1. If you go through the range 140-181 one residue at a time, how many are open to solvent by less than 10 Å² (accessible area, probe 1.4 Å), outside any helix (DSSP H, G or I) and farther than 22 Å from A115 by Cβ?
2. From the list M439, M476, which one is part of a loop (DSSP other than H, G, I, E, B), in contact (Cβ under 8 Å) with a residue 60 or more places away in the chain and among the aliphatic types (A, V, I, L, M)?
3. Looking at the range 93-135, which of the residues that are polar (S, T, N, Q) and modelled with pLDDT of 85 or more is least open to solvent (accessible area, probe 1.4 Å)?
4. Could you tell me which of the residues T303, T270, T310 is in contact with a Ser or Thr (Cβ under 8 Å, 6 or more places away or on another chain), within 30 Å of A115 (Cα to Cα) and open to solvent by less than 20 Å² (accessible area, probe 1.4 Å)?
5. Output the number of the condition that S66 fails; it satisfies all remaining conditions of (1) open to solvent by 60 Å² or more (accessible area, probe 1.4 Å); (2) modelled with pLDDT of 85 or more; (3) within 30 Å of L209 (Cα to Cα).
6. Give the range 215-232 a look and list any residue that's modelled with pLDDT under 95 and open to solvent by less than 30 Å² (accessible area, probe 1.4 Å), or say none.
7. Can you tell me which residue among E403, E459, E417 is closer than 30 Å to R219 by Cα and surrounded by fewer than 22 Cβ atoms within 10 Å (Cβ to Cβ)?
8. Any residue in the range 548-566 that is among the hydroxyl-bearing types (S, T, Y) sitting within a Cβ distance under 7 Å of a residue that is buried (at least 24 other Cβ atoms within 10 Å of the Cβ)? List the pairs, counting only those 6 or more apart or interchain.
Amino acid sequence: MQGTVAVCFVVLVGSFWFLQIPQHDLYLEKAESNHQRTLPLRAPRGVMFDRQGRVLVENRSAFSISILREHSKNLDRTVRSLAEVTGAPEDQLREAIDRHKYEPAYRPIVVLTDATLAQVAAVTARRLEFPDVVVQEVPTRQYPSNALAAHLFGYVGEASQEQVSQGVFPMGAIVGQQGIEKIYNTMLMGQDGARHVMVNSMGREIQKLEEVPPVEGRRVQLTIDLAMQKAAEDAFKFYGYHGAAMIMEPKTGEVMTFVSTPAYDPNAFTGGIDRVTWQSLNTDELKPLQDRAIQGRYSPGSTFKLIVATAALEEGVATPDFKVHCSGGAVFYGRYFKCHLKGGHGTVDMRHAIEKSCNVYFYTLGNMVGIDRLHLWAERLGLAGKTGIDLPNEIDSIVPSTEWKKRHTGERWYPGETISVSIGQGQVSVTPASMATMMATLANGGTRVIPHLVRAVDEGKGWQPVPPPANPFKPMLLKPTTVQAIHDGLWLVVNGAGTGGRGRIPGRDVAGKTGTAQVISIEGKERARGSGKDLRDHGWFVFMVPRDNPELAGAVFAEHAEHGYLAAPIARHIIETYYAEKEGRPLPSLQAPTPAPGTPARTVATVASGAPRTAATAARPGGN
């Protein structure tokens, strides 16, 4: 028995030696001739539609090139050869590998996203040289051309190291990084699948073992109207301005138009933005990455007078018939404050003070109301703080109060400061989105709405309405006399002797208010002369239409337009587009603005051509 056992062990050891030493190369080749691979199948993101069912954002097919480190005999040589064959920078490929070096070796690392057909053909033709390289067809986000609604949609990109380390997303996941893509990422993202295959030593697929298909993200219907969105952006380009606009349904808070210009091309981010493009976007003086609608704060100018009027009426400080005599200025707390009209407006009541934008009237009214009550009503109407819109990185609008100044500066509030705030200057600074929210609240009679951008979702069973966001504000209705006085005053601004005539549309009862906001004080402008900075005033036009039962309300902000009435034609074109679409008529074309009295003809021609306005070509007639 002992001999038999000894012989068996000798045979066993001899067999092990024979298999592992003399036959090593043969069995190594056989072992490497078959491998399993797990290839991820990226899920298409949900398609976005406008309120009419028109496609806004969809997916397209693209190719990615990946390296499988598990099957790479010489990773360094693979990277060098792949860079040479595809023409891609070698350091770019190495950076992609370094970014994923802590991932499991069996997981493919995408080194080229959205590869060109030439690159794909070059790699495929050299398949024998690259057994560790995989070419895959993947769905990629496709945004509208001309950067339409770029800040609204946002963009997608690979999950950052921070997002991965927090356990929010797996490494390599394509997720929303800005805009709606970010806020509704979970809804739009879908669920990736996987394909398990057997490949030979040459990297060729010889058998499919299993496939788990990806699940497409949910389809989302936005509140945006494509025709109105395009009309707004076209109008900004036509009249030669940058800025922002937000138009909404005043009763529901559904945002129909959301513009921030200049913008960027979100398609540049879908395949991983290159360093040069990213640096140019960040160093551009016009700041195209900034969402001016919710991240830009500006003095509201004369549009703030609506807050003063509402506060005075609601607090019982004044009635619509309250009159003030304007002789061109008035003294408050030992200082003379001018009206914009040198000779004054004479004696005016509230409606006509709104129409003529009389500074003296609102100096007086603001002084009677006081800064704390102005702050209170700015909050109630949606002009102070955040609007709550479903977009990331919104900043607060600032309407000061005694407590606010004490907290931020450690100083007390001086009554004379209220005089400047009463006409939208001084320490008041608001976003275009908050201005649009204020107009929606005034339009619907006092109920503050939360602006929102998603209307319905389709999970495969048809469109299901998405309820509006929870409103944390107490229901509030303005006095009927307040609503009537404000609406009448705004109607007179556009249809009477006010400064909003460029927003007039016959038969539509457009009601609105212009505002001219200083970028810097007159003294500061003199000191900054020759600095090269654009210090021309900004222009606002806020509106509702029609006056008695508003269907639209919003704000248009024209950066460095110098006068608020020059923002009105942009709003007019949006409104005309809304009614043309509603009534089934052809959409309107853009027309040159009607020149104001005393405006040189060359100025109108420059604006109508869409050429950028300069200090030399800008018109300077008076008015707010």
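1. Here the count works out to 3.
2. From the options M439, M476, the qualifying one is M476.
3. Kept after step one, since they are polar (S, T, N, Q), are these residues of the range 93-135: 113, 116, 119, 124.
Now restrict to residues that are modelled with pLDDT of 85 or more: 116, 119, 124.
Values: T116: 71, Q119: 31, T124: 73 Å².
For the range 93-135, the residue satisfying everything is Q119.
4. Numbers: T303 fails: within 30 Å of A115 (Cα to Cα); T310 fails: within 30 Å of A115 (Cα to Cα).
Result of the check over T303, T270, T310: T270.
5. (1)
6. Answer for the range 215-232, where residues must be modelled with pLDDT under 95 and open to solvent by less than 30 Å² (accessible area, probe 1.4 Å): just G217.
7. Residue meeting the stated conditions: E459.
8. Y565/T499; Y565/G500; Y565/T514
The values are calculated or read from the model by the stated rules, or taken from the named source; none is laboratory data. All values derive from a computational prediction rather than experimental measurement. Here the Cβ is made from the backbone with ideal geometry for all residues, glycine too, and neighbour counts use every protein chain on show. To get the accessible areas, we keep the full protein, side chains included, count just its heavy atoms, and leave off ligands, DNA and RNA. Shrake-Rupley method; radii C 1.70, N 1.55, O 1.52, S 1.80 Å.
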